[in-house]
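Below is one structure, written out as structure tokens, with a few remarks after it.
Bear in mind these aren't lab numbers, they're just calculated from the coordinates by the rules spelled out. This is a predicted model, so every value here is computed, not measured. Reconstructed Cβ throughout: ideal geometry from the backbone, glycine too, with neighbour counts over all protein chains shown.
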Amino acid sequence: MTVQTFNRPSDYVDAAGEMASSGRPALARLLAEEAADLTPDSAAKARILAEFPGHSLRQGD
């Protein structure tokens, strides 16, 4: 079993892409939101969230 480490926003974006490709859009969106949170550039945040559209599924959002 391979353990995935998430140290950078790109790690979350990559995982989001995998989830989207495997038919798991809700998980893809959650991972994209985490990537956006870790991204300091507001334009990059917007691009990430646009790539994985949907409403936030986080508790409290």
Normalised radius of gyration for the chain, please: alpha carbon Rg relative to 2.2 N^0.38 Å, two decimal places. 1.07
Using label points projected 7 Å from each Cα along Cα→Cβ, tell me how many nm separate Glu51 and Phe6, to one decimal. 1.5 nm
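Determine, for each peptide in 35-42, 24-31, 3-10, the mean count of other beta carbons within 10 angstrom over its residues, then list the peptides with the highest first.
Numbers: 35-42: 14.9, 24-31: 18.1, 3-10: 10.8.
By packing density, highest mean first, the sequence is 24-31, 35-42, 3-10.
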